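Structure first, then comments.
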Amino acid sequence: MAEGFDAVRAALQDAYQLLSYRAWTVEEMRGRLKKKGHQAVLTTVIDRLKELGLLDDEAFAQTYLEYAQQSKPMGPKRLQYELERRGIERSFAKHAIARVITPEIERRLAERAAREKMRKSVISSADLNDAKVQRRLFSFLARRGFSYPIVRDLVVDLRAHGDQPTNAP
């Protein structure tokens, strides 16, 4: 019995150490604890961390979506990919994204990403008359997970309005 208790305590200690750096999904924590050799007590430790509120996929998704909006603008498709990659269930990821990312917010995020890209690549609105530059910006925004209609309308607006922020939804 003491061996089981010691194994749980050691696994919890490793989990606390990981949690001191950042939040983790249940699946990420499961994988890390497996790597550290805590296979035998995995279920017990995961359940205990959930009980303590230290592992909460819902809270993780919410925090991740807020962080992503502030740091690196991404569209719904890319956000869903990132959440699923971290072990968040597909249906839950879609629901969480739909609550946070409205079409208006997606448009603002796409515009911010496009303007950052244009600034870093020294692209002016006049350069957007070049089909090759348009394709590159379009592809960049698509890789960031923004929807086709948003990207299409944004590239047209950026070409027309240049450096002025667009007032489209």
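In the range 55-169, taking the dipole from charged Cβ atoms about the Cα centre, the farthest positive-side position among VAL100, GLN70, LEU158 is held by LEU158. Taking the number of Cβ atoms within 10 Å of each Cβ as an exposure proxy, the fewest-first ranking of GLU104, GLU82 is GLU104, GLU82. Extension gain, ARG9 to THR43: 0.36 nm times the residue separation minus the Cα-Cα distance gives 10.9 nm. Each Lys and Arg adds +1 at its Cβ and each Asp and Glu adds -1 at its Cβ; summed about the Cα centre, the range 2-51 shows a dipole of about 180 debye.
Taking the fewest neighbouring Cβ atoms within 10 Å as the starting point, the ordered list for MET74, MET118 is MET118, MET74.
In loop segments of the range 1-72 as defined by DSSP, the chymotrypsin sites (Phe, Trp or Tyr not before Pro) with at most 14 further C-beta atoms inside 10 Å of their C-beta are TYR21. Positive-end ranking of SER139, VAL41, ASN129 along the dipole of the chain, with charges on Cβ about the Cα centre, is headed by ASN129. Ordering VAL100, VAL156 by the number of other Cβ atoms within 10 Å of each residue's own Cβ, fewest first, gives VAL156, VAL100. Label-to-label distance for ALA59 and GLU89 is 1.9 nm, based on points extended 7 Å past Cα in the beta-carbon direction.
For the chain, the number of Lys pairs with C-alpha atoms closer than 23 Å, counting only pairs eight or more positions apart or on separate chains, is 11. Estimated from the Cβ-Cβ distance and a Förster radius of 22 angstrom, the FRET efficiency linking LYS132 and GLU104 is about 0.15.
Each value in this text was obtained by applying a stated rule to the coordinates, not by laboratory testing. Note that the coordinates shown come from a computational prediction; the quantities given were computed from them, not determined experimentally. When we count neighbours, we look across all protein chains shown, and the Cβ atoms used for this are built from the backbone with ideal geometry, even at glycine.
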